Amino acid sequence: MSGASTKRQRTHPHYELLYHPGIPGRGEFVRLVLEASGVPYTDVANESKDGYSKVQQYCMDQSKEYTGDEAPVFSPPALRVLKAGKDGKDMVIHQTPSILLYLSERTGMVPEGDEEAKVYVNEVALTALDLNNEVHDTHHPLGNAKYYEEQKEAALSKAEDVRSTRLPKFFSYFTRVLGYNAAQGGGKYLVGNALTYADTTVWQVVDGCFFAFPQEMKARKKEFPELLDVFYNSVKNEERLKEYLASKRRLPYGMGIFRHYPELDRQRLASFHTDHPDPAPPPSWSSGTNKFSSTTLSSPLPPRPHHAMASAASIIFFVVALLAICAATLLLIRHYLRLRSTPSYLLIPVFLGLALPCSIILLVPIDLASADGSAASGIVLPERIVLVAWRITYWLTFLLTWWLLPLLGEYCDSGYRDPQSRVIYSLRENARYSLMVLGVGVAGLVYFILQNGVHGASIKGMVMALAYAFGLILAIGLMGHGLVALPRRLYKAARVGDRLRGLQMQAPKTKEKLDDATESLNTLEDTVIQLKQRKHGTPKDLQDWIDELADTTSPPGPRAGAAAAIHATNPVIPAVVTERYLADLTRKLKRGRHKQARFVDEWTNLCQQAQDCQTILDAASSQRLDFSQVSPHARSYLSRLKFVTPAMRYQLYARVLPVMQIASAAFLAIASLLIIWSEIVRSFAPNISIVGLTVVHHPNSDTGKIGLAGQIIAAAWLLYMDACALYAISDVKVWGNRALVKRNTYAESACWYSLQVAKLTVPLSYNFITMLRPSVYEQTSFYKFLGQLINLTPLGKGFSAFFPCFLLIPVLATAFNLYGKVKNVFGFGILEDESDENPSGFGTGGWREGRALIERELQRRGEGAGTVGLLDRDASLDLERGARGTAAAAVPTPRAPLIESQRDAPMPSHIQEAHRQFNSITNQEEVVDENDNSARHFYQDFTERVMNTIDGVDRPDWMRNLGSGFKKPKWMQNDDRDDEGGSNLKKWFGGRAEGGRLRL
């Protein structure tokens, strides 16, 4: 047979391919012919917004009446040849074999002048199309109208038959064809000495089988190397095809003819195949002799005892690791919540919201190593187990993130007593947020249906893609901030002096917030006391409610004018006390106690850390450090070690730990730069992604691309990315009153923090695997479960590929303190400005005031006033009334003033000086000793007299009115606004006026 013609027609009519968008399908056979021959064409559905509507109009009309001017088309694919029909009209050809036959002579994809060769090419192509149909029937054996899940059992049987009997039969035939044409084709072409559409058709079916049955094809590759290696790679490297396959015109496999379901593929466990042996393979063909040998190959699945043992060990490790994660999660929850008094309806969701994301960090490296099933070392699990683990983890996390935890948080925060009212309140508070999500979901569903048609994959893909997009937007913003802020925080805290100065600068703000929280809580508790005095006349159940509130409220201490202050400062109690009013009051009490507990914890930790820093600095002269002398209740583990001598402890805290912190900061800074680089280049140059290079150690190996070392590095990368995002949550100041408090965390805050952990982990995990090479991550179960649905539409694929580049925005904003500049211009910001705005320390809010506040607090503790902490009370109000136990019977302790009056005993000189600095900074009058004849008293008295003389002079009117004509903008008038107010936009996003909380 002669070779295919190398001549191409210089001019071609314009071709339009009419086929479904987004999938290769049967239209890919036509695309390969046109691409291989270099003939221009238009892919209508993929190249225009309304293209698919044209395809549906011409090719998917199911009406009985004929209304058009062209011949009816049964279904796509179809080829429209412009002005090639009768009378200059367009000609439409449908049915894949007819299109290929029509194009073959016009594009030179068939031997010229050899009728026998033309017929033979068509025969081979039709045979390949038969195999194409049989592979399609593996996932839809009972009918195309049914979902795969509805015919899964039949699909398993059909796939087993196709893999064990049909694939070897077809592959044997194509191998014989290659042997028959070896003299002209040399094993590279099926017919003749040049590329024909028989080659492209067979190649497309083989390539689809590699996607649908990767394990099966990997085993069959050893039986049919002539077809699956030599021929497959030669066609793939044809000049025009190579360029096409690397371009975006080549559509990825998804929900078309070739679909990958792991359960339909050959299973890797040897025990599975001992019960389902494959038949003996056909005789192999020897390309050297152009003859067939009768040598029978060995079984394609020989027993692999080493891998079987490794799989068992991996399963044991996986189970033990999950148990360790659960134990660590319980210890973490115990640190912030009281396990015994926390109700199970709160404890279980919070536990799952933390444990499931931690298991994802474990599951991602295992999935990467298990993708090709040939890892020589590392933790490898069967693909079926990995897929089931992903399904359970993802959908439980999805349920917690978007439904259970938001409802549970509002349920705990409702303030009502009975469960029904709590549920109604929770549903009402989440209604607006849910309606917004539903609106976006409907718009997304319309887009998915327009792109992929109406089927279950569109709905599932829309849900998963929208959840991923929302989580990725939040994760990229937070991670970008954390990549800079976390190393910088370690570096700033390395030097003890700088750390002490930072604590002193932070002290005035923290102390002011603590005072405000205490005063607000006192006002609310005074309201409860007043309400108890006027409870008569209200219904019995409301009286019991008031009594419960009063039992958890401490009576006011013996302070002057306390009774008058109750009536003067409290809001007016309504004449008719309703259930809604009591619920609102209960809710405010719970939030107020949480707010006070939060700032008490912050203030106590700040003072403790400042005292420790000062102790380290004071020990510089003696080179001996002993925390127990200044802090009997030392909180650091290192400070309590008995075998560490004071001299060793000083060297550890003054030299070793700072050096380790600086080294850690430098190491994390380099890791941050590598992550930023990998995020930028991942979409267009994944081969130079540093993250990918550190994880994939053997990219071209047949014995495993990722080993145990790569798995450990992958887990470390993913853990650091999650840690940066979670650290940013504590640094960004838009969460209102939510905070984690040791053993006293508010239930709503616990739900919210676990929700954020669950929401961020899945997007960051998928974003991480896409920083590897596509040849690696596209083989993972995670990609096949989630990634294919994200890439189902061009919008989702583009968003996933290019949005992580916006990581540069929060990185630059944090690195160059753009948040502080925005705050200086507009008067507000989302971050606290950590810059030294007042290096001198003089004036209100400076470090000198902070130092004085800390010293006064430490001196107050030393006089026996006790540590700053919450009074012992049943403050949660979340416990069931029958489970209060002895807590409800506890006698409330009278409230004490926040800062007690000092004793009459003389104070040390350094404490007196601290009081003088504090009073001068805060403009408070100092109690002056009349008998003080020191030089300081003389100069102070002289200065006061001069200032009184100047202030007593009458100023002219023009000086008194200076500046009164300038009106401040509204955004500068902070004191004129009602703190309880809130914008309508904020309310629509689920925010509350109280506490400034914002729902994300």
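Residue check: is SER314 under 24 Å from LEU363 (Cα atoms), at pLDDT below 95 and among the polar types (S, T, N, Q)?
Numbers: under 24 Å from LEU363 (Cα atoms): yes; at pLDDT below 95: yes; among the polar types (S, T, N, Q): yes.
Spelling it out, SER314 is indeed under 24 Å from LEU363 (Cα atoms), at pLDDT below 95 and among the polar types (S, T, N, Q).
Could we say that TRP717 is more than 21 Å from PRO804 (Cα to Cα), in the same structural domain as ASN767 (by the TED database) and not basic (Lys, Arg) here? Please lay out each step first, then the result.
On the way: more than 21 Å from PRO804 (Cα to Cα): no; in the same structural domain as ASN767 (by the TED database): yes; not basic (Lys, Arg): yes.
The answer is no for TRP717.
If you go through region 653-677 one residue at a time, how many are open to solvent by 30 Å² or more (accessible area, probe 1.4 Å), over 23 Å from ALA620 (Cα atoms) and β-branched (Val, Ile, Thr)?
1
Restricting attention to region 765-785, which residues are at pLDDT 90 or above and hydrophobic (A, V, I, L, M, F, W, C)?
Of everything in region 765-785, those that are at pLDDT 90 or above and hydrophobic (A, V, I, L, M, F, W, C) turn out to be PHE768, ILE769, MET771, LEU772, PHE782.
Inside region 745-789, can you point out the residues that are free of Cβ contacts under 8 Å to residues at least 24 places away in the same chain and either open to solvent by 10 Å² or more (accessible area, probe 1.4 Å) or of a type in the set (Phe, Trp, Tyr) (or both)? So that I can check it myself, show each step before the final result.
Applying the first criterion (free of Cβ contacts under 8 Å to residues at least 24 places away in the same chain) to region 745-789 yields 778, 783, 787.
Correct list: GLU778, TYR783.
Among (1) at pLDDT 80 or above; (2) out of contact with any helix residue (DSSP H, G or I) (no Cβ under 8 Å at 6 or more places or on another chain); (3) within 27 Å of ARG259 (Cα to Cα), which single condition is PRO13 missing?
The one condition PRO13 does not meet is (3).
Quick check on my filter: what residues within region 395-413 are of a type in the set (Ser, Thr, Tyr) and either more than 30 Å from TYR783 (Cα to Cα) or surrounded by fewer than 20 Cβ atoms within 10 Å (Cβ to Cβ) (or both)? Lay out the reasoning, then the answer.
First, pick out the residues of region 395-413 that are of a type in the set (Ser, Thr, Tyr): 397, 401, 411.
TYR411 - this is the single residue of region 395-413 that is of a type in the set (Ser, Thr, Tyr) and either more than 30 Å from TYR783 (Cα to Cα) or surrounded by fewer than 20 Cβ atoms within 10 Å (Cβ to Cβ) (or both).
Collect the residues in region 77-117 that are modelled with pLDDT of 75 or more, surrounded by 14 or more Cβ atoms within 10 Å (Cβ to Cβ) and farther than 22 Å from THR201 by Cα, keeping them in residue-number order.
LEU82, ASP90, MET91
Checking TYR416 against (1) surrounded by 15 or more Cβ atoms within 10 Å (Cβ to Cβ); (2) part of a helix (DSSP H, G or I), only one condition comes out false. Which one?
(2)
Where in region 154-258 are the helices (runs of 4 or more DSSP H), entirely inside, with at least 2 residues that are within 28 Å of GLU383 (Cβ to Cβ) and acidic (Asp, Glu)? Before you say what the answer is, go through the steps one by one.
Values: elements: 167-180, 182-185, 197-212, 214-220, 232-236, 239-245.
So the answer is none; nothing clears 2.
Tell me which residues, restricted to region 212-251, are closer than 17 Å to PRO24 by Cβ and among the hydroxyl-bearing types (Ser, Thr, Tyr).
Those that are closer than 17 Å to PRO24 by Cβ and among the hydroxyl-bearing types (Ser, Thr, Tyr): TYR232, TYR244, SER247.
From ILE385, ILE392, grab the single residue that is open to solvent by 50 Å² or more (accessible area, probe 1.4 Å), without any contact (Cβ under 8 Å) to a residue 60 or more places away in the chain and among the β-branched types (Val, Ile, Thr). Give the steps one after another, and end with the answer.
On the way: ILE385 fails: without any contact (Cβ under 8 Å) to a residue 60 or more places away in the chain.
Step by step, each of ILE385, ILE392 is checked, and only ILE392 is open to solvent by 50 Å² or more (accessible area, probe 1.4 Å), without any contact (Cβ under 8 Å) to a residue 60 or more places away in the chain and among the β-branched types (Val, Ile, Thr).
Would you be able to say whether some residue in region 205-216 is crowded, with 19+ Cβ neighbours inside 10 Å, more than 34 Å from the chain's Cα centre (by Cα), farther than 16 Å from ARG176 by Cα and touching a residue at least 60 places away in the same chain (Cβ under 8 Å)?
Within region 205-216 (the criterion being crowded, with 19+ Cβ neighbours inside 10 Å, more than 34 Å from the chain's Cα centre (by Cα), farther than 16 Å from ARG176 by Cα and touching a residue at least 60 places away in the same chain (Cβ under 8 Å)), the answer is yes, since at least one residue qualifies.
Mind checking which residues of region 73-105 are more than 18 Å from LEU126 (Cβ to Cβ) and either among the acidic types (Asp, Glu) or not in a loop (DSSP other than H, G, I, E, B) (or both)?
Listed by number, the residues that qualify are ALA78, ARG80, VAL81, LYS86, ASP87, GLY88, ASP90, MET91, VAL92.
I need the full set of residues from region 24-35 which are more than 39 Å from the chain's Cα centre (by Cα) and either open to solvent by 10 Å² or more (accessible area, probe 1.4 Å) or farther than 27 Å from VAL110 by Cβ (or both), in order please.
GLU35
Exactly one of (1) assigned to a loop (DSSP other than H, G, I, E, B); (2) modelled with pLDDT of 80 or more is unmet by ALA45. Its number?
Of (1) assigned to a loop (DSSP other than H, G, I, E, B); (2) modelled with pLDDT of 80 or more, only one is false for ALA45: (1).
Is it the case that some residue within region 825-834 is modelled with pLDDT of 80 or more, of a type in the set (Gly, Ala, Ser) and open to solvent by 20 Å² or more (accessible area, probe 1.4 Å)?
Let us first name the residues in region 825-834 that are modelled with pLDDT of 80 or more, namely none.
Within region 825-834, not a single residue is modelled with pLDDT of 80 or more, of a type in the set (Gly, Ala, Ser) and open to solvent by 20 Å² or more (accessible area, probe 1.4 Å).
Checking SER730 against (1) in contact with a strand residue (DSSP E or B) (Cβ under 9 Å, 6 or more places away or on another chain); (2) open to solvent by 30 Å² or more (accessible area, probe 1.4 Å); (3) not acidic (Asp, Glu), only one condition comes out false. Which one?
(1)
Name the one entry in TYR650, TYR720 that is more than 19 Å from ALA475 (Cβ to Cβ) and either among the hydrophobic types (A, V, I, L, M, F, W, C) or assigned to a helix (DSSP H, G or I) (or both). So that I can check it myself, show each step before the final result.
On the way: TYR720 fails: more than 19 Å from ALA475 (Cβ to Cβ).
Matching residue, one of TYR650, TYR720: TYR650.
Kindly indicate whether PHE74 is open to solvent by 50 Å² or more (accessible area, probe 1.4 Å), modelled with pLDDT of 75 or more and within 20 Å of GLN95 (Cβ to Cβ).
Details: open to solvent by 50 Å² or more (accessible area, probe 1.4 Å): yes; modelled with pLDDT of 75 or more: yes; within 20 Å of GLN95 (Cβ to Cβ): yes.
When the stated conditions are applied, PHE74 passes them.
The values are calculated or read from the model by the stated rules, or taken from the named source; none is laboratory data. From a predicted model like this one, the values you see are computed outputs, not experimental measurements. In this analysis, Cβ positions are derived from the backbone assuming ideal geometry, glycine residues included, and neighbour counts consider all displayed protein chains. In case anyone asks, the SASA skips ligands and DNA or RNA and just uses the protein heavy atoms, side chains included. Shrake-Rupley method; radii C 1.70, N 1.55, O 1.52, S 1.80 Å.
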